Amino acid sequence: MSFQNLESRLVPMQRNNIDTDQIIPARFLKTISKEGLGQNLFCDWRYNAQGNPNPDFILNQPAAQGAQVLLAGDNFGCGSSREHAPWALLQFGFRAVISTSFADIFKANSLKNGLLPVIVPPDVHAELFAAVAKDPNVTVQIDLPKQTLTTPGGRNVVFPVDAFSKHCLLEGVDEMGYTLQHEPAIAAFEARRVGSINTLA
Amino acid sequence: MPRTIIEKLWDSHVVHEQPGSPALLYIDLHLVHEVTSPQAFQGLRERGRKVRRPDLTIATIDHSIPTSDRSLPIVDEIAAKQVAQLEKNCAEFGVRLYGVHSDRQGIVHVIGPELGLTQPGMTVVCGDSHTATHGAFGALAFGIGTSEIEHVLATQCLLQRKSKTFQVQVEGTLRNGVSAKDIILALLARIGIGGGTESVLEYTGSAIRVLSMEERMTVCNMSIEGGARAGLVAPDDTTLQYLSGRPYAPQGADWDAAVSRWRQLPSDPGAAYDRTVTIDADALEPMITFGTNPGMGMAIGAAVPEPSQLSDLVQRDALAQALEYMGLEAGKPLLGRSVNVVFVGSCTNSRISDLRTAAGVLKGRKVSPKVRMLVVPGSQEVKRQAIAEGLPEIFRAAGAEWREPGCSMCIAMNGDSVPTGEYSVSTSNRNFEGRQGKGARTFLASPLTAAASAVTGVVTDVRTLL
C-alpha cells in the first residue's frame, strides 16, 4: 500500500514499551489469513471480561473514530516478530504511528505494509501528547515526500526514513522486485558458497 | 582492520550492496513454523513463485499444537486448520516438515541445534523473534516478519541494514544456585527492554566460555528481550563437541574443512564494538521479574521497586501500571508470595539440561498441592532422552504434569494457559500482560527457581533447598 501524505487526529497512548502481545494477543495468531485482525487490535485493553467495549480505553472514545495516527510511548512494538501487529493496526484504520523509538522487527514489518513509523525527538513527542490532551480534535499533517510532520502548533519537524523504504512506500512497491533484479548476483554467490547443509538429504 | 565476529558474519553474506539501498544478505538456514508462515506461502502461490532453496529450509509445528495426547485429533478447529495448512504448504512447495507425528518434532529453536542444522558462520532466520537462540553457535540468527519469510522463501536473501555491535562481557564464576537464565535476566534488568535496539550482541568473557551449548542458547535466546536484533557467542571447542556427529553436521573431510573455517570466526584481538557492558558473574544472584516486561527484573531477595523513586513520570506510571497488573505492592519482597502455576519449558529452558536441573530439585520432594506444575520438553529428542534418564517418573512422582513437546504455556495459544489473576513462575521468556493467558501474572525465572517455587508453593530462593 502506498503512502503519500495525510492529515489526521491523533490517538494518544502514553505508555512505553507497548509490546506486540498487547497490539494483537497470541490467541488470534491461529489464523491463516491476514484479514479479520483489526477487530481484535489491543483486544485485552479494548474489551472487558464480558467482551464489551471498555469505555475508558482510548480506541473506544469518539475522537479515536476515523483517526489514522497513533501517538505512542517509547519503544513501540517490542516483543514478537508477528506481522499481525501492523496488519491489525492498518485494518483498524491507522496509517502512521508516532513515537520516539520503535522495536526493529515491528518497524521493518510496518514499512513493508504501508504503515509509517514516524520517529520524533522527546520534546516534539511531549508537545504532541500535551496538545491532544488539551484538545482531542487537534490534527497533525504527515508529508512523506518531504519527510515532515506538522504539529498542531504549526511546527514542521523532519523525521527520518531511509531512502529505500521511502521509495517503496511512495511507489507502493515491495522489496521482492528489487531483489529479483539481482538474480545473477544471487546465483554467483551461491556458486561460491561452501559447506552448505541439505535438509532434503 | 580487526573485525568482530558480527562483522565477519555480515561481510561473508553480502550478495550485493549499493549506495542508498540496504544490503542483500544471503540466508543459510530458514526455519519455518505454522503460525507466521501461512500468509507467506499464500503470497508465493498468488505470484506464481517457488521456494528457491528448499534444501536450506526446514519446517516444524510447535506453537499451536496441544501438549496432551498426540494420538488424538486437535480439538481447536482453527489451530487444526493452521497445522493442516503448513502440512499442505510443505507438500506443495517441497519443504521438509517435521510434523505433529514426526520423531524430530519440537520447538523450532530446539530442533535446529539438536539436528546439527544450526552451525557456526551461518545466517539463520525464522518468523519468530527468539531465533537469536541459534546465535549460541556463532551464527547471525534473527527473527523476521511474514513478508520477509516470503522474501526468503522466494529469493533465499533478505534486504538488511548493518547493525551496531554490542559486547556483553560476563567475567567471573557463577555461584551455586545461579544459572545462565540469571545472566540474561540480569543483563535485561541492566539495559532495559529497548537497550539493545538496532544492535547485535556478542556475549564474551570467562563466564560465557564455561557455559554449555544449552546454557549459551538460554542466554542468546532472550537477546530480543533487550530489543537486540540478535545475540551470539563465538564458536569454540564446546561448540564443536556439541555439533560433532549430529544428523546434519558435516562429516569426515567436510567436518575438518568446516572446523578450519569456523576457527576463523571469533572476533579479532583489538576489534572495536559500538558499545560494551560488563557483568560481574561472581556478584550475580538468582533473578526474578516482578513486572510486565523482561527488563523489570531483580535479585530474588530484593524488594519490588517503588514508583515514587523514579523521576521520569512516564517510567513512574509504567512501573505503577505494571505493579497494578501484577497485583504487587511496591517495597515488599517477592519471596514468600503464593504461586499457582509453575511452567518449565519454552525455547529458553526446555532442553535436557533444564529438565535435569528441575528434576534434581524435585527428586524426593512433592509439588505443593496449591501449585499446578507443567514440564514441557522442547522436542521429541529431549523427551526421549528424558525418558531414558527416568526424569518423567521424578516429575510425576512429585505431582508435576509431563507433557508433549511444544511452545505450550510460554505463548498460551495451544490451550495451555495460566488462569486470569493467577501467578506463575515460568522458565519462559516473556512476562507481558496476558502472555501466558488473559490476565495471567508471570514471574520469569530459571528452572532452579521454578522447581524450588513449585515445591514450596511460594516464590523461593533455590539456595535454601540446595
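For the range B:275-314, a residue qualifies if it is buried (at least 23 other Cβ atoms within 10 Å of the Cβ) and either of a type in the set (Val, Ile, Thr) or on the phi > 0 side of the Ramachandran plot (or both), and the qualifying residues are B:ILE288, B:THR289, B:THR292, B:ILE300. The criterion of at least 1 residues that are over 29 Å from B:ALA40 (Cα atoms) is met by the following strands (runs of 3 or more DSSP E) wholly inside the range A:45-149: A:69-72, A:139-143.
Do you know which of the residues in the range B:28-69 that are charged (D, E, K, R) and either touching a Pro at 6+ places or on another chain (Cβ under 8 Å) or surrounded by 16 or more Cβ atoms within 10 Å (Cβ to Cβ) (or both) is nearest to the other protein chains (Cβ to nearest Cβ)? My answer is B:ASP55. Restricting the range B:255-288 to residues that are more than 14 Å from chain A (Cβ to nearest Cβ) and among the charged types (D, E, K, R), the residue that is farthest from B:VAL425 (Cα to Cα) is B:ASP268. Just wondering, is there one or more residues in the range B:442-462 that are within 13 Å of chain A (Cβ to nearest Cβ) and closer than 30 Å to A:GLY51 by Cβ? There is at least one residue in the range B:442-462 that is within 13 Å of chain A (Cβ to nearest Cβ) and closer than 30 Å to A:GLY51 by Cβ.
Restricting the range B:16-25 to residues that are surrounded by fewer than 21 Cβ atoms within 10 Å (Cβ to Cβ) and within 20 Å of B:THR131 (Cβ to Cβ), which is farthest from the other protein chains (Cβ to nearest Cβ)? Per the criteria, the residue is B:ALA23.
Take A:PRO152 and tell me if it is in a loop (DSSP other than H, G, I, E, B) and crowded, with 18+ Cβ neighbours inside 10 Å. Yes: the conditions hold for A:PRO152. Taken as a whole, the range B:11-18 holds at least one residue that is part of a helix (DSSP H, G or I) and modelled with pLDDT of 95 or more. Among the residues that make up the range B:413-420, is at least one of them more than 14 Å from B:PRO294 (Cβ to Cβ), crowded, with 22+ Cβ neighbours inside 10 Å, in contact with a strand residue (DSSP E or B) (Cβ under 8 Å, 6 or more places away or on another chain) and touching a residue at least 60 places away in the same chain (Cβ under 8 Å)? Yes, that holds for at least one residue. One residue stands out among those in the range A:155-171 that are part of a helix (DSSP H, G or I) and loosely packed, with under 14 Cβ neighbours inside 10 Å: the one that is farthest from the other protein chains (Cβ to nearest Cβ), which is A:GLU171.
Among residues of the range A:1-41 being in contact with a Pro (Cβ under 9 Å, 6 or more places away or on another chain) and of a type outside the set (Val, Ile, Thr), the one that is nearest to B:VAL35 (Cα to Cα) is A:SER33.
Once the range A:172-201 is narrowed to residues that are β-branched (Val, Ile, Thr) and in a helix (DSSP H, G or I), the residue that is farthest from B:ARG96 (Cα to Cα) is A:THR179. Among the criteria (1) within 14 Å of another protein chain (Cβ to nearest Cβ); (2) in contact with a Ser or Thr (Cβ under 8 Å, 6 or more places away or on another chain), the one B:LEU313 does not fulfil is (2).
Taking the range B:70-97, which residues are of a type in the set (Lys, Arg) and at the interface with chain A (Cβ under 8 Å from one of its Cβ atoms)?
Within the range B:70-97, the subset of a type in the set (Lys, Arg) is B:70, B:81, B:88, B:96.
B:LYS81, B:ARG96 - these are the residues of the range B:70-97 that are of a type in the set (Lys, Arg) and at the interface with chain A (Cβ under 8 Å from one of its Cβ atoms).
For the range B:351-391, a residue qualifies if it is part of a loop (DSSP other than H, G, I, E, B) and hydrophobic (A, V, I, L, M, F, W, C), and the qualifying residues are B:VAL367, B:VAL371, B:VAL376.
Every condition in (1) assigned by TED's automatic domain parsing to the domain that holds B:GLY192; (2) closer than 20 Å to A:ASP74 by Cβ; (3) without any contact (Cβ under 8 Å) to a residue 12 or more places away in the chain holds for B:LEU313 except the one numbered (1). Counted as qualifying within the range B:272-333 are the strands (runs of 3 or more DSSP E) with 1 or more residues that are within 30 Å of A:ASP123 (Cβ to Cβ), namely B:275-280. In the range A:73-96, what residues are more than 10 Å from chain B (Cβ to nearest Cβ) and surrounded by fewer than 24 Cβ atoms within 10 Å (Cβ to Cβ)? Once the filter is applied, which keeps residues that are more than 10 Å from chain B (Cβ to nearest Cβ) and surrounded by fewer than 24 Cβ atoms within 10 Å (Cβ to Cβ), the range A:73-96 yields A:LEU90, A:GLN91, A:PHE92, A:GLY93, A:PHE94, A:ARG95.
For (1) farther than 30 Å from B:ARG175 by Cβ; (2) free of Cβ contacts under 8 Å to residues at least 24 places away in the same chain; (3) in the same structural domain as B:ALA141 (by TED's automatic domain parsing); (4) not aromatic (Phe, Trp, Tyr), each residue gets a yes or a no:
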site: B:SER199; (1), (2), (3), (4): no, no, no, yes
site: B:SER206; (1), (2), (3), (4): no, no, no, yes
site: B:ASN221; (1), (2), (3), (4): no, no, no, yes
site: B:GLY227; (1), (2), (3), (4): no, no, no, yes
site: B:TYR242; (1), (2), (3), (4): no, no, no, no
site: B:ALA249; (1), (2), (3), (4): yes, no, no, yes
site: B:ASP274; (1), (2), (3), (4): yes, no, no, yes
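In this structure, B:GLY138 does not satisfy being closer than 24 Å to B:THR348 by Cα, touching a residue at least 12 places away in the same chain (Cβ under 8 Å) and out of contact with any Pro (no Cβ under 7 Å at 6 or more places or on another chain).
Among the residues of the range B:45-61, the ones that are under 22 Å from the mean Cα position of the chain (by Cα), hydrophobic (A, V, I, L, M, F, W, C) and closer than 19 Å to B:CYS157 by Cα come to 3 in all. The test for being in contact with a helix residue (DSSP H, G or I) (Cβ under 8 Å, 6 or more places away or on another chain), in a strand (DSSP E or B) and either among the polar types (S, T, N, Q) or closer than 24 Å to B:PRO369 by Cβ (or both) holds for B:SER424.
For the range A:16-61, which positions are within 11 Å of chain B (Cβ to nearest Cβ) and in contact with a strand residue (DSSP E or B) (Cβ under 7 Å, 6 or more places away or on another chain)? Passing the criteria: A:ASN17, A:ILE18, A:ASP19, A:TYR47.
Where helices (runs of 4 or more DSSP H) sit wholly within the range B:140-240, those with at least 3 residues that are more than 14 Å from chain A (Cβ to nearest Cβ) occupy B:180-191, B:206-209, B:213-221.
Filter the range B:316-340 down to residues that are of a type in the set (S, T, N, Q) and more than 14 Å from chain A (Cβ to nearest Cβ) and give me whichever is nearest to the chain's Cα centre (by Cα).
This residue is B:ASN340.
For (1) under 21 Å from the mean Cα position of the chain (by Cα); (2) in the same structural domain as B:THR36 (by TED's automatic domain parsing); (3) over 22 Å from A:ASN198 (Cα atoms); (4) assigned to a helix (DSSP H, G or I), each residue gets a yes or a no:
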| position | (1), (2), (3), (4) |
| --- | --- |
| B:HIS63 | yes, yes, yes, no |
| B:THR67 | yes, yes, yes, no |
| B:VAL83 | no, yes, yes, yes |
| B:GLU87 | no, yes, no, yes |
| B:CYS90 | no, yes, no, yes |
| B:GLY112 | yes, yes, no, yes |
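Counting only residues that are surrounded by fewer than 19 Cβ atoms within 10 Å (Cβ to Cβ) and small (Gly, Ala, Ser), which one in the range B:237-262 is farthest from B:ARG104 (Cα to Cα)? Top of the filtered list is B:SER260.
The values are calculated or read from the model by the stated rules, or taken from the named source; none is laboratory data. Since this is a predicted model, take the numbers as computed values, not measurements. Counting neighbours? That spans all protein chains shown, and the Cβs are built from the backbone with ideal geometry, glycine included.
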